[in-house]
Amino acid sequence: MDLRFRHLAAVTTGLTAALILLGVYTGAIGAGLTCAGRWPLCDGWLGLFPADWASFVEWFHRLVAMVTGFCILGTTYAAWRGDHGRRIRQATAVATVTLPLQILLGANTIVNFGAVAQVLHHAAALIILMALVAATAWAYDEPRAGGDVAESGAAAGTRAD
C-alpha cells in the first residue's frame with residue numbers, strides 16, 4: 001500500500017470532518033441567509049465579496065467545500081489508479097457519487113432554510129465522511145508495499161530471507 005495514498009486519504013477525511021464542523025457553524029449563525037434570494041452570489045461588493053462576518057463565513061465555507069471536493073475527487077482517482085483493495089475503491093466511489101448530491105442539498109439549504117433541507121444536507125455529508133473514514137481505515141489496515149511483509153514476518157518470529 002502506498003504511504004502517500006494513506007496520507008492523502010487521512011488528510012481528505014480530516015478536511016471533510018473540519019468542513020462539516022464549519023458547515024454547522026455556518027448554519028448556526030445563519031450565514032447562508034445573508035445570500036437570501038441572490039444565491040449563488042451573496043451580499044457585499046458585486047455580490048462576490050463579504051460585506052460582514054456572516055457573509056465572510058458563508059464564502060469561507062464555500063472555499064473550504066471546493067478544496068475538500070477536489071481532495072475527495074483526487075483521493076478517489078488515486079484509489080482507482082493505484083493498487084488498492086476493492087473495498088477502498090468502492091468506499092471512495094460512494095463518497096464521489098454522493099458529492100454532487102451533497103452540493104445540491106447544500107445550495108438548497110440557502111434557498112429553503114428548513115429542518116428537512118438541513119437534515120438531508122448533513123445526512124449526505126455524513127455518508128461522505130463515513131465512506132472516507134472507512135477507506136482511510138482500510139488503507140492503513142493493508143500492508144505497505146515492500147517492507148511490511150518482511151517486518152511482519154520478523155514480528156511473528158520467522159525470518160524473511
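For THR76, indicate whether it is under 14 Å from the mean Cα position of the chain (by Cα), open to solvent by less than 30 Å² (accessible area, probe 1.4 Å) and either closer than 21 Å to LEU3 by Cβ or modelled with pLDDT under 95 (or both).
yes
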- Query: Of THR26, THR12, which residue is of a type outside the set (A, V, I, L, M), modelled with pLDDT of 95 or more and in a helix (DSSP H, G or I)?
  - Reply: THR12
- Task: Consider LEU3 carefully, then state whether it is of a type outside the set (Gly, Ala, Ser), at pLDDT below 90, over 30 Å from VAL133 (Cβ atoms) and open to solvent by 40 Å² or more (accessible area, probe 1.4 Å).
- Result: no
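Residue by residue, here is whether (1) hydrophobic (A, V, I, L, M, F, W, C); (2) part of a helix (DSSP H, G or I); (3) at pLDDT 95 or above holds:
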position	(1), (2), (3)
LEU8	yes, yes, yes
THR16	no, yes, yes
LEU22	yes, yes, no
GLY32	no, yes, no
GLY37	no, yes, no
LEU41	yes, no, no
ARG62	no, yes, no
CYS71	yes, yes, yes
ASP83	no, no, no
- Query: Out of the stretch 74-113, which residues are polar (S, T, N, Q), over 15 Å from ALA137 (Cα atoms) and touching a residue at least 60 places away in the same chain (Cβ under 8 Å)?
  - Reply: THR109
- Of all residues in the stretch 43-60, count the ones that are among the aliphatic types (A, V, I, L, M) and at pLDDT below 75. 3
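The values are calculated or read from the model by the stated rules, or taken from the named source; none is laboratory data. It should be emphasised that the depicted structure is a prediction, and the values quoted were computed from it without experimental measurement. Note that each Cβ is placed from the backbone with ideal geometry, even for glycine, and that neighbours are counted across all protein chains shown. Please note that ligands, DNA and RNA were not included when accessible areas were found on the heavy atoms of the full protein model with its side chains. Shrake-Rupley method; radii C 1.70, N 1.55, O 1.52, S 1.80 Å.
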